[in-house]
Amino acid sequence: MGTRCRVSYLDSRNIEHAVDVTAESLFEAAAVAIRAFREGALVEELPVAGTELRIAVFPLPVEHRVRLQRVEQWAQTGTVKSPVEMLRRERVRELLGLKNEAGK
């Protein structure tokens, strides 16, 4: 079902961009938000690898910060501990438009 999150970032002009998403994990929330920012209107400066994403998890206001580069690394590398984690990584890769490099 997922958890409601608000994902935001500051662009180089110090303008904050935010979107509300529903996701199963922190990295999925980041990936869903990136897709929304890429597809959305009025966003002139998209996040790049070094952009810090702030992720607030609701209903309790818990906030996490992660760089887009870290999300991309997690999606493409590392030991997969379970089938659920494998599916989560595949979903994040798909959302970010990354090639499936897990099989290489």
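Quick rundown of the values:
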read-out	value
Residue in region 83-100 that is of a type in the set (Lys, Arg), in contact with a helix residue (DSSP H, G or I) (Cβ under 8 Å, 6 or more places away or on another chain) and exposed (fewer than 14 other Cβ atoms within 10 Å of the Cβ) present	yes
Single residue of VAL62, VAL80 found to be without any contact (Cβ under 8 Å) to a residue 40 or more places away in the chain and either open to solvent by 70 Å² or more (accessible area, probe 1.4 Å) or within 16 Å of VAL21 (Cβ to Cβ) (or both)	VAL62
Residue in region 42-64 that is aromatic (Phe, Trp, Tyr) and farther than 19 Å from GLY97 by Cα present	yes
Output for region 1-58, where each listed residue is touching a residue at least 24 places away in the same chain (Cβ under 8 Å), closer than 19 Å to ARG91 by Cα, part of a loop (DSSP other than H, G, I, E, B) and open to solvent by 50 Å² or more (accessible area, probe 1.4 Å)	GLU24
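The values are calculated or read from the model by the stated rules, or taken from the named source; none is laboratory data. Just so it is clear, the model here is predicted, and its values are computed rather than measured. So basically every Cβ, Gly included, is an ideal-geometry build from the backbone, and we count neighbours across all protein chains shown. Accessible surface areas use protein heavy atoms only, side chains included; no ligands, DNA or RNA. Shrake-Rupley method; radii C 1.70, N 1.55, O 1.52, S 1.80 Å.
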